[in-house]
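S.K.: Supplied in structure tokens, the structure appears directly below.
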DNA sequence: CTTGCTACTCTTTTT
DNA sequence: GAGTAGCAAG
């Protein structure tokens, strides 16, 4: 068992300085692999063990539940810190949910409020659009929701919302209605958890003061990823004692798209003039080669403080940069290389990760693993709690916990089919509205006529019975009851193989429900709503991990493959014309590279198929930033790797079996028509195996590189 | 009301 | 290429 003392002894001087910082606001700027999490944990241990701060007076906010859990486990393992369990630890969202539960009526919801996830939120936007007679073709629910979410992250209420564009003006109207629908459902969305907590504290001095008094120390991990709402929240909580201890790295800020504002780091310096800033630049993870390469990429971002990361780990192998022909060959290269590394005992399968920009890229990699008969672990992608059967099962529990939740009701009232269709449901809603009653009251109190009458009455009976049992049964018992009585079990187990898979998922959820023990239903649902996918990541399993670059944050692996190093993939195409977003892509690349301890592979495919079409992409601009001496290009010469442009790369590519070349169909200057991009002019064309690679400038879509056969490009004579 | 078919959009990244 | 929304027939 570790002791607090031995923990402190293993720290370097800079880390120690941070851990033992005197009271007051402190910001630790910590580069990748510098023991950031360790510093945060040690700080908590230090406060409890040395400074004798009572554990319940410490709040530690982490980015994922997993990080919180890890910290708690570490503290619990330490001698003399048995009461570490009392430290308030969790994500912003989970901490807010806890605070709100207590004072829910003050913000206009019941104690058993529901938390609406991304799916539910989109459904609410759709409902609002329908009510306001707005065309959801023209105003995409997801885009509207994006505007609303951004506003909420910046603490802008519907009546304060100011629009700059017509689109925003529409979104602003939807925002108001959206919030009304949420409250009618006795529900909050993710963003509300933060925003309403801030409002609760700002408008209720008694609540605020109680909280401010209680938390003597507030610690925040991954500070660069906080948004405005979160920033205001922590400064409120730490407002009295001012012992705010933040740890972060602006270079690893990769969540601007969901409202994170790394300028919070600057804001902190303005708001706390006595801020104590400590920098940690020694790296304990990667080889110097990897660090130098990562720095060469991040260095090109403007407006950043220049730090030099160093390690005592030595240089290690060069970074392997390879170009493969397609994404399938790229994936095959990954699998082959992993096999070699494992054979040579250079790494265990569990030490290896494959990272990509978008979840869609995982498929090619997965296929290669399956073909090779190799085990792998996939993080994210088909998120467990996003599965239909899981959402259905949870929706049953949700309507029992919160009868006002009509979004969940709509999900399950006709699943399995009971003869209650859209029309009947709409009538039910209308009845409720006409009587000014809740949909639950309308369903259970009313006499139902017509064909669907019996079906409605039957469902009402079931629902009432479940609610009556809510406080008597444990979540697990209730779960079993509902799944059987509702007919959902037989609906899922439809005799097919997929049906069995779905049932297995439902049973997995059942295990979670049973593990909840006597936890009240409402709290169980909150917890489930706030778990993230990486929280369930099992580090002990021995197989390579497949994950997005975003999901990789905070993790480390001996060997890292980053695939899809092409302009348009990494950096992503939606970032190419925006310098701010491009800077974020660069940070994402930096995060990915610095996950590697020993070996780093940067791969790209010459052509890649995305939504049916195979297109050649230019090499990622990030590859150009790597110094020659740090990279291993294999047997090919530099310049022939496709780092410069696709054409030189194409010349060095030797097809496995040369086939007779098809005659060139397109010459520069040729007018062409494409089904999606419209009319354009050929800029250049190169033959490619038995296909033709054509670069075309389209009037509407700009410059594109296409395959003549796959794209169905037509000549206009 | 349900089922099954066709047509169409879509890809960042997630608490 | 895949998932879904929308429509037509039973």
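The values are calculated or read from the model by the stated rules, or taken from the named source; none is laboratory data. All of these numbers come straight from a predicted model, not from anything done at the bench. With ideal geometry, Cβ positions are generated from the backbone for all residues, glycine too; neighbour counts draw on all protein chains shown.
S.K.: Restricting to the stretch A:66-116, give me the number of residues that are modelled with pLDDT under 85 and more than 20 Å from residue A:55 (Cβ to Cβ).
M.R.: Selection size over the stretch A:66-116: 1.
S.K.: Here are some residues: A:538, A:577, A:624. Which one is more than 16 Å from DNA strand B (Cβ to nearest atom) and either surrounded by fewer than 21 Cβ atoms within 10 Å (Cβ to Cβ) or at pLDDT below 90 (or both)?
M.R.: A:624
S.K.: Could you check residue A:63 against (1) away from DNA strand C (no atom under 16 Å from the Cβ); (2) in contact (Cβ under 8 Å) with a residue 12 or more places away in the chain; (3) assigned to a helix (DSSP H, G or I); (4) under 22 Å from residue A:258 (Cα atoms) and say which number it fails?
M.R.: Among (1) away from DNA strand C (no atom under 16 Å from the Cβ); (2) in contact (Cβ under 8 Å) with a residue 12 or more places away in the chain; (3) assigned to a helix (DSSP H, G or I); (4) under 22 Å from residue A:258 (Cα atoms), residue A:63 violates only (3).
S.K.: Give me the residue from the stretch A:360-379 that is in contact with a strand residue (DSSP E or B) (Cβ under 6 Å, 6 or more places away or on another chain) and within 17 Å of residue A:564 (Cα to Cα) and, out of that set, modelled with the highest pLDDT.
M.R.: Applying the filter and picking the extreme gives A:365.
S.K.: With the checklist (1) within 24 Å of residue A:270 (Cα to Cα); (2) crowded, with 18+ Cβ neighbours inside 10 Å; (3) in contact with a strand residue (DSSP E or B) (Cβ under 7 Å, 6 or more places away or on another chain) in hand, flag the one item residue A:34 doesn't pass.
M.R.: Of (1) within 24 Å of residue A:270 (Cα to Cα); (2) crowded, with 18+ Cβ neighbours inside 10 Å; (3) in contact with a strand residue (DSSP E or B) (Cβ under 7 Å, 6 or more places away or on another chain), only one is false for residue A:34: (1).
S.K.: Of the residues in the stretch A:117-130, how many are within 15 Å of residue A:183 (Cβ to Cβ) and surrounded by fewer than 13 Cβ atoms within 10 Å (Cβ to Cβ)?
M.R.: 0
S.K.: For residues that are touching a residue at least 24 places away in the same chain (Cβ under 8 Å), assigned to a helix (DSSP H, G or I) and over 24 Å from residue A:228 (Cα atoms), scanning just the stretch A:125-152, find the one that is nearest to DNA strand B (Cβ to nearest atom).
M.R.: A:129
S.K.: Identify, please: which residue in the stretch A:131-162 is within 12 Å of DNA strand C (Cβ to nearest atom), surrounded by fewer than 16 Cβ atoms within 10 Å (Cβ to Cβ) and modelled with pLDDT of 85 or more and is, among those, nearest to residue A:260 (Cα to Cα)?
M.R.: A:142
S.K.: Could you please let me know if residue A:361 is surrounded by fewer than 16 Cβ atoms within 10 Å (Cβ to Cβ) and over 18 Å from residue A:487 (Cβ atoms)?
M.R.: It is false that residue A:361 is surrounded by fewer than 16 Cβ atoms within 10 Å (Cβ to Cβ) and over 18 Å from residue A:487 (Cβ atoms).
S.K.: Find the helices (runs of 4 or more DSSP H) located wholly in the stretch A:435-530 whose residues include 1 or more that are farther than 24 Å from residue A:389 by Cβ and out of contact with any helix residue (DSSP H, G or I) (no Cβ under 8 Å at 6 or more places or on another chain), and list them.
M.R.: Ranges flagged: A:439-445, A:453-469.
S.K.: Can you name the condition, by its number, that residue A:342 falls short on among (1) modelled with pLDDT of 90 or more; (2) surrounded by 18 or more Cβ atoms within 10 Å (Cβ to Cβ); (3) in contact with a strand residue (DSSP E or B) (Cβ under 9 Å, 6 or more places away or on another chain)?
M.R.: The single condition residue A:342 does not satisfy is (2).
S.K.: Further question on the same structure: Pull up the stretch A:592-611, narrow it to residues that are crowded, with 22+ Cβ neighbours inside 10 Å and in a loop (DSSP other than H, G, I, E, B), then point me to the one that is farthest from DNA strand C (Cβ to nearest atom).
M.R.: Here the residue is A:594.
S.K.: Out of everything in the stretch A:406-422 that is more than 12 Å from DNA strand C (Cβ to nearest atom) and over 21 Å from residue A:183 (Cβ atoms), what residue ends up being surrounded by the fewest Cβ atoms within 10 Å (Cβ to Cβ)?
M.R.: Filtering the stretch A:406-422 for residues that are more than 12 Å from DNA strand C (Cβ to nearest atom) and over 21 Å from residue A:183 (Cβ atoms), the one surrounded by the fewest Cβ atoms within 10 Å (Cβ to Cβ) comes out as A:416.
S.K.: Hey, residue A:106 hits all of (1) within 13 Å of DNA strand B (Cβ to nearest atom); (2) in contact (Cβ under 8 Å) with a residue 24 or more places away in the chain; (3) in a helix (DSSP H, G or I) but one; which does it fall short on?
M.R.: Just one mismatch for residue A:106, condition (1).
S.K.: I'd like the full set of residues that are modelled with pLDDT of 90 or more and out of contact with any strand residue (DSSP E or B) (no Cβ under 7 Å at 6 or more places or on another chain), limited to the stretch A:545-554.
M.R.: Matches in the stretch A:545-554: A:550 only.
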